[in-house]
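Report on one structure; see the data block that follows.
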Amino acid sequence: MAIISTFELLAKSQLPSGIPGPIASLSRNVIIGYFLTISNTSLTDLLLSVVFTARTNSGSGLEGSISFLDTSGTNIAGALEPTSTANKFRFSPLSLPASATAQLLVQPTPDKVETLDYEVRGYVELSLSSLSGSLTNIPLQVSAEQRGTFFADLKGATLADKALDQVAWALPVPDGGRVLLSST
C-alpha cells in the first residue's frame, strides 16, 4: 500500500463565529472536495483499492461524504465503505483498464453542505485489490488536488446573491506522482 496524499473535506463557514470587528463580514461559506487522478501506465487491466484514513474528535467521519468515479466521461456514484479498522474507509474495487485514467472525487454530502458543520482530514493510500491476483511493479501515475467553492447563500435568487468563487490547489504526492504497486 502506498501513501498518496493528505486530504480535507469541509463544509463550514470560512471563519469561526464570534470573530470581532469588520473581518467577520468578509467570511463566506466553503465546500472543499478531494480529487484523485490515477493513470494506469501498464498494459494490464487493474482492480485498485483506495483507502482513506481520518481521525476526528467531532464524531463526523467519512460517513458524511459522497464519492464519484469517472473512467470514461461518466460520473458513477460510489461510497466509501468502512473497513474492519477504525477510521479507515475504502473505495474498492476501482476498475482501471490498461492505459486508462480515472478520477475519483470525494466531497461532503448535500445535507452536510446545508448544515455547514462538517470537517474531516486525513490521508489516502492506494493498493492493488486482492481481486487483482499476483502482480508486481505495476506503474501508475497519480495526482491529487483539493477544490474549494466559496459561497454566501446557495439559495440566493441571483448569482450575485450566491457570491460564488472557486479555487483549486495541488497536493504533494510522492516521487512526482509515480507509484509502483505489487500484490502482497
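Tabulated data
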read-out: Size-normalised alpha-carbon gyration radius of the range 128-184, reference 2.2 N^0.38 Å; value: 1.95
read-out: Gaussian network model of the chain, springs between alpha carbon atoms under 10 Å - residue of Ser127, Ser42, Ser65 with greatest fluctuation; value: Ser42
read-out: 17 Å Cα-Cα reach of Lys12 towards aspartates and glutamates, excluding residues that sit fewer than 8 places from it in its own chain; value: Glu63, Asp111, Glu114, Asp117, Glu119, Asp153, Asp165
read-out: Between the range 1-42 and the range 117-184, the alpha-carbon center distance in angstrom; value: 11 Å
read-out: J(HN,Hα) series, the range 82-88, from Karplus relation 6.51 cos²θ - 1.76 cosθ + 1.60, nearest Hz, glycine and proline x; value: x, 9, 6, 9, 4, 6, 10
read-out: Cα-Cα P(r), the range 1-68, percent of pairs per 5 Å interval; value: 3, 10, 18, 17, 15, 12, 10, 6, 4, 3, 2, 1
read-out: Cα gyration tensor, the range 52-134 - rounded (a/c under 1.5), prolate or oblate; value: oblate
read-out: Cα convex hull volume per residue for the range 88-184 (Å³); value: 148 Å³
read-out: The chain: most fluctuating residue of Val167, Val50, Val120 per GNM, C-alpha cutoff 10 Å; value: Val167
read-out: Choice from Pro174, Pro22, Pro110 showing the highest fluctuation, given a GNM over the chain with Cα pairs closer than 10 Å; value: Pro22
read-out: In order through the range 34-39: 3J(HN,Hα) via Karplus (6.51 cos²θ - 1.76 cosθ + 1.60), integer Hz, x for Gly, Pro; value: 10, 10, 10, 9, 10, 10
read-out: Rg to Rh quotient for the range 31-92, alpha carbon positions, Kirkwood Rh; value: 1.00
read-out: The chain: radius of gyration over Cα atoms, expressed as a fraction of 2.2 N^0.38 Å; value: 1.13
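Throughout, read-outs are computed from the coordinates displayed, never taken from laboratory work. This one's a predicted model, so the numbers in the text were calculated from it and none came from an experiment.
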